[in-house]
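The values are calculated or read from the model by the stated rules, or taken from the named source; none is laboratory data. The structure displayed is predicted, hence computed values, not measured ones. Here the Cβ positions follow ideal geometry from the backbone for every residue, glycine too, while neighbour counts run over all protein chains shown. Accessible surface is based on the protein model in full, side chains and every heavy atom, while ligands, DNA and RNA are left aside. Shrake-Rupley method; radii C 1.70, N 1.55, O 1.52, S 1.80 Å.
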Amino acid sequence: MQYPIAPRRLAALLAVCATLAACGGGGDDTPDNDVASAAATPAAADNPDTGTGTATEAPTNEVLAVTSAYTGNCSVTNFVPDTLALVNAFRAQARTCGTTTYPAAPALVWNDKLAQAAYGHSLDMATNNYFSHTSKDGRTFAQRITNAGYTWSAAGENIAAGPTTMASVMSGWQKSAGHCANLMNKSYTHIGLSCSKGSATATYRTYWTMDLAKPR
């Protein structure tokens, strides 16, 4: 379900949490099986009024080169093409997410600003050892996307911690109602994904963030 909301009025944000093995629940619970994930969707913004910049419609060679930095130290090869292939193959067919059936959705296009927002959050979670859609400084994912320069009309985020491969994290998200709904949301046109390895003292080995959005 979608709720009209602007980046500065996110108190009523709908958050859906689902698990791979245990649920992070926005970071308040302690997952016990080295795997956690959570999904959040603020829906369409009625009048987003912060941030600057225009969403990139298609990746260029320069953008693809820059995004290699957003894999952190996860040692993931073919990051952008593999992400697009996995997500768009899933969207290409009708899917049932929980009890809701979604029709096939158009392919998503990589966006470097979303990848930048995703990487900042993955790195922050990995560095500061927490698991939540809310940053340590209190920012929501919609605010992070805005701060990266993406002017959005709809946005959502999936996060996960624990999986060490792109295929495993995508598989877990696809099996979870909330994450699946984000992946199949036809409103979204752009995607950015990032991962970052946790420190030696972090709860999880790897932290993942996927941001999905539509430009205003």
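Decide, for region 60-216, between rounded, prolate and oblate: order the square roots of the alpha carbon gyration tensor eigenvalues as a ≥ b ≥ c, take rounded if a/c falls under 1.5, and otherwise choose prolate if a/b is larger than b/c, else oblate. Because its axes are fairly even, with a/c under 1.5, region 60-216 counts as rounded. According to the square roots a ≥ b ≥ c of the eigenvalues of the Cα gyration tensor, what is the shape class of region 96-171, taking rounded for a/c under 1.5, prolate for a/b larger than b/c otherwise, and oblate for the remainder? It is oblate, given that a/c is not under 1.5 and a/b is not larger than b/c. In this structure region 71-167 gives 38 Å² per residue of accessible area when probed at 1.4 Å with all protein chains present. Pull out a ≥ b ≥ c, the square roots of the eigenvalues of the alpha-carbon gyration tensor of region 136-179, then state rounded if a/c is under 1.5, prolate if not and a/b is larger than b/c, and oblate in the remaining case. It is prolate, given that a/c is not under 1.5 and a/b is the larger ratio. Take the Cα of Thr77, go 7 Å toward its beta carbon, and the backbone nitrogen atoms of region 157-179 under 17 Å from that spot belong to 165-168.
Mind checking which lysines have their Cα closer than 30 Å to the Cα of Lys186? Skip sequence neighbours fewer than 8 apart in that chain. Cross-link targets: Lys113, Lys175, Lys214. Expressed as a whole number of Å, what is the distance separating the alpha-carbon centroids of region 96-121 and region 140-208? Between the Cα centre of region 140-208 and that of region 96-121, the gap is 8 Å. Taking +1 at the Cβ of each Lys and Arg and -1 at the Cβ of each Asp and Glu, which of Ala154, Thr96, Phe141 sits farthest along the dipole of region 89-156 towards its positive end, judged by Cα position relative to the Cα centre? Among Ala154, Thr96, Phe141, the one farthest towards the positive end of the dipole of region 89-156 is Thr96.
Taking all protein chains in place and a 1.4 Å probe, what share, in percent, of the accessible surface of region 82-187 do carbon and sulfur account for? Whole-percent figure for carbon plus sulfur exposure: 52.
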